[in-house]
1. Can you name the residue in the stretch B:117-152 that is surrounded by fewer than 16 Cβ atoms within 10 Å (Cβ to Cβ) and over 28 Å from B:G208 (Cβ atoms) and is also farthest from the other protein chains (Cβ to nearest Cβ) among such residues?
2. Mind checking which residues of the stretch B:129-153 are part of a helix (DSSP H, G or I), closer than 20 Å to B:F218 by Cβ and touching a helix residue (DSSP H, G or I) at 6+ places or on another chain (Cβ under 8 Å)?
3. Tell me, please, whether a residue that is touching a residue at least 12 places away in the same chain (Cβ under 8 Å), more than 21 Å from B:G239 (Cβ to Cβ) and not hydrophobic (A, V, I, L, M, F, W, C) can be found in the stretch B:143-161.
4. Being farther than 30 Å from A:I316 by Cα and in contact (Cβ under 8 Å) with a residue 24 or more places away in the chain is the requirement here; does A:R231 meet it?
5. Show the residue pairs meeting these rules: Cβ distance below 9 Å; 6+ apart or different chains; first residue within the stretch A:331-352 and touching a residue at least 60 places away in the same chain (Cβ under 8 Å); second residue small (G, A, S) and part of a loop (DSSP other than H, G, I, E, B).
6. Any residue in the stretch B:53-76 that is under 25 Å from the mean Cα position of the chain (by Cα), buried (at least 23 other Cβ atoms within 10 Å of the Cβ) and over 18 Å from B:E229 (Cβ atoms)?
7. Only one of A:K311, A:K275, A:K287 is more than 9 Å from chain B (Cβ to nearest Cβ), farther than 20 Å from A:F344 by Cα and of a type in the set (K, R); which?
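The values are calculated or read from the model by the stated rules, or taken from the named source; none is laboratory data. As the structure is a prediction and not an experimental result, all values here were calculated from the model. Backbone-built Cβ (ideal geometry, glycine too); neighbour counts: all protein chains shown.
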Protein chains: 2
Amino acid sequence: MRIKCSKNNLAAGINIVSKAVSTKTTMPILECILIEAVNDRIKLTANDLEIGIETFIDGTILEEGKIAIEAKIFSDIVRKLPESEIDIETSEDYKTTIRCEKSKFVIASKSGEDFSYLPDIEKEKSITLSQFDLREVVRQTIFSISYNENTKLMTGESFEVKDNTLIVVSLDGHRISLRKIPLKGENENVKVVVPGKTLMDLSKIINGGAEDEVNIYFTDRHILFEFDETRVVSRLLEGEYFKISQMLSIDYKMRVNVNKKELLDCIDRASLLIKESDKKPIIISIKNDNNMYLHVDSNMGSMNEEISIRKDSGEIVIGFNPKFIMDALRVIDDEEVNIYMNDFRNPCIIKNEEESYIYVILPMNINTAAY
Amino acid sequence: MRIKCSKNNLAAGINIVSKAVSTKTTMPILECILIEAVNDRIKLTANDLEIGIETFIDGTILEEGKIAIEAKIFSDIVRKLPESEIDIETSEDYKTTIRCEKSKFVIASKSGEDFSYLPDIEKEKSITLSQFDLREVVRQTIFSISYNENTKLMTGESFEVKDNTLIVVSLDGHRISLRKIPLKGENENVKVVVPGKTLMDLSKIINGGAEDEVNIYFTDRHILFEFDETRVVSRLLEGEYFKISQMLSIDYKMRVNVNKKELLDCIDRASLLIKESDKKPIIISIKNDNNMYLHVDSNMGSMNEEISIRKDSGEIVIGFNPKFIMDALRVIDDEEVNIYMNDFRNPCIIKNEEESYIYVILPMNINTAAY
């Protein structure tokens, strides 16, 4: 095989497929990037058997063929080469020579024959949304997946198409994040669970804006994302995702309207006094005036602050893990948020009127008599 | 004690003195910042007994006094408070209340009486240079100190005043870095060894430019840096520093003139094939043409590249630790550098005509017959 392409094209392609290179494996071929030069197209592929990515790059094929190169050293070399034309040539004994200006690297490589290709995906059920929306919806939900492999389904996110709306849900047993995106045209209903790692990798390589599209195809076992010159295929998590409708339809006694930034900054400050291991709550008290009183008491010290709010009626004292509230507030773009509460035992819900986002957060046990 | 000051003034002051807060100590008082409000001035002090820093900040004293506050939590709280006026008040039982807008923190503190003050420094021998020059000279030499506590003197840098020039030297047994700065006026000769940690901390808090001055005072056991509203006192390392004049005056057979960026980029690329633990050299060959040939051979692969040079005469094959050459080239601002060499057993010297910088680098053992 012999190809020529620009350093920038090659580096961009490597950057995309690198997300599917396995970093801890006993199979060296999974640490490689496959370069294929056939039918006038140069394709890069990586596949760790959970997620596989392939992308086409512009360049010239001088001799057709394919080769598997260890991803890390290949990526390092290309990144450090001058911004000029790169010439890649393989020999029969699987040595790869990389030339750029006066620089010449020779590195050992592997036969492309042993490489695992991406599975074929039937393109029956599909949706289309903007690259911006997909990246945003992942950012706005991914923080509440679980990392506990014992609750495997919680390590993924539910992607459900229903009534021409994409509903993305993540939950970790303490909180639920839900986002809805309206879809164009008629879309068949479907519901799958996508691994969290796939979504995190994907959102790093989807750089397009609101005008750029991504097509998503669903099968029983796989999900395929197609955008620009790139295809990302991931296995799905097997099993039925959690039913959350009951959690979302709780009656509430009190609706509080508060400036998002003020609340976020205040909880951010208060959380300085709480170590993750402490499991200390931030106490929110709402009395018969138009203030929210926030209070933290730990062995580092105490903090008190009040924030102006608007509310319907009622009083409450309730405790939360401050991180959970901050995680939700950080991904809400609205200037003001509505928080719905019932009593100190029941979750609070942060959502907008049209329910395009819903964040449910369970409270921590506190001795309400003390406040 | 009760003081008021702006959040930005206080945060800037804390940032300066924090460099002298001890992070690993069994004496809790060394983890504190002392606030003193006396004689109409607010002073912050930190002292880990190796280095001590004090700085004055603008503000209003409502009640004189002093208090020692644990530096980390104090710094975290102040950083997260709104950009507004901060009110700090202490009680008789050493509780400190920090108020800012609607936020109120109460944290435990310590009596200022137990705090170790900075030693008094006799201001006999002194020099003055610009803050820019001091920061630069540290950056340009600090990389070649040793971190081996068995060769204590090598963990510092020699600061020598001689013939109205400041000469700064660092060395680690494999290389020497030397920089000279001409001084104004008449300056008494002096030679001390300043701990590397002091210089690294110092260069993080000296933010002034070429117009801003720093006064340096030398005693037998201490060095004092005075700039803006800040004083930094450090212990010196005891003992006589290494004599390096013989190493600097070696005859050379060959002078090579090369573009600095080209050489640096080339060695940077080549070093991808060398793991730190490999101890593999980069081989530099100069033959009877006007090229420098660079070569690396490791179990990851091989790299060859050539660079145009100008030279007097002669041929050489010599091997270096690529990191040592890169460290020196990175802190040289000249577009072209002169490299002086003798044979494959003797060090190379990178220096300019006026010898305001001299970098000496020992070669690695190589089998020259192989190249």
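1. Of everything passing the filter in the stretch B:117-152, B:K152 is farthest from the other protein chains (Cβ to nearest Cβ).
2. B:L134, B:R135, B:V138, B:I142
3. Looking for residues that are touching a residue at least 12 places away in the same chain (Cβ under 8 Å), more than 21 Å from B:G239 (Cβ to Cβ) and not hydrophobic (A, V, I, L, M, F, W, C), one finds none in the stretch B:143-161, hence no.
4. yes
5. Close Cβ pairs (under 9 Å, with a partner that is small (G, A, S) and part of a loop (DSSP other than H, G, I, E, B)) amount to A:M341/A:G314.
6. no
7. Working: A:K311 fails: farther than 20 Å from A:F344 by Cα; A:K287 fails: farther than 20 Å from A:F344 by Cα.
Exactly one residue qualifies, and that residue is A:K275.
Yes or no, residue by residue, for (1) modelled with pLDDT under 95; (2) over 19 Å from B:K80 (Cβ atoms):
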| site | (1), (2) |
| --- | --- |
| A:V296 | no, no |
| A:S308 | no, yes |
| A:S313 | yes, yes |
| A:I318 | no, yes |
| A:V331 | no, yes |
| A:E335 | no, yes |
| A:I339 | no, yes |
| A:N365 | yes, yes |
